[in-house]
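J.: Here you go, one structure.
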Amino acid sequence: MSTTTIIGSQWGDEGKGKIADLLSEDADWVVRFNGGPNAGHTVVDEEGEFKFHHLPSASLHEGCKVLLGPGMVINPVGLVEELDQLQAKRGLKPEIFIGSRAHVITPYHPVLEVLEKSKEEVGTTGRGIGPTYQDKAARSGFRFMDLVKEDFEDRFRERLDRLKGIWGDPESLTDLDTSEFLDAVARLRELLSGDRLVNSSTLINAAIDGEEKVIFEGAQGSLLDIDMGTYPFVTSSNPTIGGIGTGAGVSPTRVERRIGVVKAYTTRVGKGPMPTENNEELGEWLREKGGEYGATTGRPRRCGPLDLVGLKFTTKLNDFTEIALTKLDVLSGLDEIKVANGYRLDGDKITEFPPSSEDLARCEPTYMTLGGWEEEVTDAKNLEDLPTAARDYVNFVEAELDVPVSIVSVGKKRSETIVR
Ligand code: IMP
């Protein structure tokens, strides 16, 4: 099949980077459609580890074109740094295209995030994501088609002066250093000259018509979706399937393979309700064994058992056709594995993920217990190589979500993967 999407089914950090890297080996295009440098996609190959923030993980594959779609917010300084690093460390220069409608993260956006206290109150990544999407919705943002114009610097300074007035001239805005930003803008202008600033809808629909292999790489996770997630503890974009329509200009009906990435347990970084959060030994154990520290901010992630209530909700939301179950190896060594199969809300049993974060915070999960296994599973190449209890866990997830598990990740490396 020529069109695939990889979407996070929980609160992000499910291991999408590894799956995207794996599937994009022979892809013609990899398209990111939402978010920006709040994402941290880690890929480990023969040459070591590489962390991506703006660029899709497929940037490690020569010959694959990458598109930063119009639904993204992009920091010119961060993007230029990432491209430079890729060249310095790997000698790679990806063929990169940017949707002309994508919004620009300027130096004042992370400052506004601090002034608005969203870092404290929502636990955001501090990358200026929310304020940039806020400007987009308020129609005062800059798009990449503006960035390449001659009058961009004047317009940027006018907007900055206006913001200084609105916020009462705080030092963080009056002393803002803009030189690095304007240098990066100049470099991107050069990079984007020619045909690199594109109408993504035309380009990618034509690629699909021409039967090219296109992968849409989601960032964050479905439960962080601005509309469907645990608002207000969400990101400011749509990491769900609908984000492809608005964030790439391609109808989600054109995406044949919709892979939901499910981590074998649950994690969340930042604030907001997480019913299966475990603040005892289990949570700590998962964090250490799974290396659950943010790829972008280094923050420790909150950890706990798998939550089928949330997963059933996001499976329907995205109409997943396949599941990639990741980090199964982390569960080796547990005597038994708890899985939440429902919630109690004010004493009533519920099986639907509540739309209100206040309700969700009051939900007590109900658990069932499955058998654990001792053996390490990292060397498994087929499902048959797994201990029976691990195989049972995979089959259980498949049966509960009613979607085939087509990929099982049993280690960090590209090679440590079972493809069914
Ligand atoms: P923002 O996207 O920086 O505005 O942060 C909003 C919320 O989304 C915070 O709870 C972040 O921790 C979370 N978040 C944003 N990006 C990611 C990600 O890539 N993985 C996991 N959580 C994320």
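J.: Please give the number of the condition residue 43 fails out of (1) buried (at least 20 other Cβ atoms within 10 Å of the Cβ); (2) under 16 Å from the mean Cα position of the chain (by Cα); (3) within 30 Å of residue 309 (Cβ to Cβ).
T.: (3)
J.: In a loop (DSSP other than H, G, I, E, B) and at pLDDT below 95: is that true of residue 58 in this structure?
T.: Working: in a loop (DSSP other than H, G, I, E, B): no; at pLDDT below 95: yes.
In short, no.
J.: Let me ask you something else. Mind counting the residues in the range 126-166 that are out of contact with any helix residue (DSSP H, G or I) (no Cβ under 6 Å at 6 or more places or on another chain), in contact (Cβ under 8 Å) with a residue 40 or more places away in the chain, outside any helix (DSSP H, G or I) and open to solvent by less than 30 Å² (accessible area, probe 1.4 Å)?
T.: Number satisfying all stated conditions: 0.
So that you can scan it fast, the table gives a plain yes or no per residue for (1) out of contact with any Lys or Arg (no Cβ under 6 Å at 6 or more places or on another chain); (2) closer than 29 Å to residue 179 by Cβ:
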site	(1), (2)
12	yes, no
31	yes, no
34	yes, no
38	no, yes
53	yes, yes
62	yes, no
75	yes, yes
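J.: Among (1) out of contact with any strand residue (DSSP E or B) (no Cβ under 9 Å at 6 or more places or on another chain); (2) modelled with pLDDT under 95, there is one condition residue 195 misses while meeting the rest; what is its number?
T.: For residue 195, the exception is condition (1).
J.: Could you check the range 5-60 and list, in sequence order, the residues that are more than 9 Å from the ligand (Cβ to nearest atom) and on the phi > 0 side of the Ramachandran plot?
T.: 15, 48
J.: Do the conditions hold for residue 314, that is, is it open to solvent by less than 10 Å² (accessible area, probe 1.4 Å), under 22 Å from residue 399 (Cα atoms) and among the β-branched types (Val, Ile, Thr)? Spell out the reasoning first.
T.: Numbers: open to solvent by less than 10 Å² (accessible area, probe 1.4 Å): yes; under 22 Å from residue 399 (Cα atoms): yes; among the β-branched types (Val, Ile, Thr): yes.
Answer is yes for this residue.
J.: Here is a further query. Would you please name the residue that is nearest to the ligand (Cβ to nearest atom), looking only at residues in the range 204-261 that are hydrophobic (A, V, I, L, M, F, W, C) and in contact with a Lys or Arg (Cβ under 6 Å, 6 or more places away or on another chain)?
T.: So the first thing to find is which residues in the range 204-261 are hydrophobic (A, V, I, L, M, F, W, C), and the list is 204, 206-208, 214-216, 219, 223-224, 226, 228, 233-234, 241, 244, 248, 250, 255, 259, 261.
After this cut, where a residue has to be in contact with a Lys or Arg (Cβ under 6 Å, 6 or more places away or on another chain) as well, the list is 208, 233, 261.
Working: 208: 27, 233: 6, 261: 12 Å.
Checked the range 204-261; the qualifying residue nearest to the ligand (Cβ to nearest atom) is 233.
J.: A follow-up question, please. How many residues are modelled with pLDDT of 90 or more and not in a loop (DSSP other than H, G, I, E, B) if we restrict to the range 33-51? Walk me through it before giving the result.
T.: Here is the first cut: in the range 33-51, the residues modelled with pLDDT of 90 or more are 33-39.
Okay, now just the ones that are also not in a loop (DSSP other than H, G, I, E, B), so 35.
So the count comes out to 1.
J.: Do we find a residue being open to solvent by 20 Å² or more (accessible area, probe 1.4 Å), within 13 Å of the ligand (Cβ to nearest atom) and within 21 Å of residue 185 (Cα to Cα) anywhere in the range 111-121? Before the answer, list the steps.
T.: We begin by selecting, within the range 111-121, every residue open to solvent by 20 Å² or more (accessible area, probe 1.4 Å); these are 111, 114-121.
With within 13 Å of the ligand (Cβ to nearest atom) added as a condition, the list becomes 114, 116-121.
The next check asks that each one be within 21 Å of residue 185 (Cα to Cα); those that pass are none.
Checking the range 111-121: not a single residue is open to solvent by 20 Å² or more (accessible area, probe 1.4 Å), within 13 Å of the ligand (Cβ to nearest atom) and within 21 Å of residue 185 (Cα to Cα).
J.: Okay, moving on. In the range 223-248, how many are part of a loop (DSSP other than H, G, I, E, B) and either farther than 15 Å from residue 4 by Cα or open to solvent by 30 Å² or more (accessible area, probe 1.4 Å) (or both)?
T.: Initially, the range 223-248 is screened for residues part of a loop (DSSP other than H, G, I, E, B), giving 225-241.
Within this subset, residues satisfying the condition of being either farther than 15 Å from residue 4 by Cα or open to solvent by 30 Å² or more (accessible area, probe 1.4 Å) (or both) are 225-238.
Matching residues across the range 223-248 total 14.
The values are calculated or read from the model by the stated rules, or taken from the named source; none is laboratory data. These figures come from a predicted structure and were not determined experimentally. No Cβ is skipped: glycine too gets one built from the backbone with ideal geometry, and neighbour counts run over all protein chains shown. The accessibility values were calculated without ligands, DNA or RNA, using every heavy atom of the protein model including side chains. Shrake-Rupley method; radii C 1.70, N 1.55, O 1.52, S 1.80 Å.
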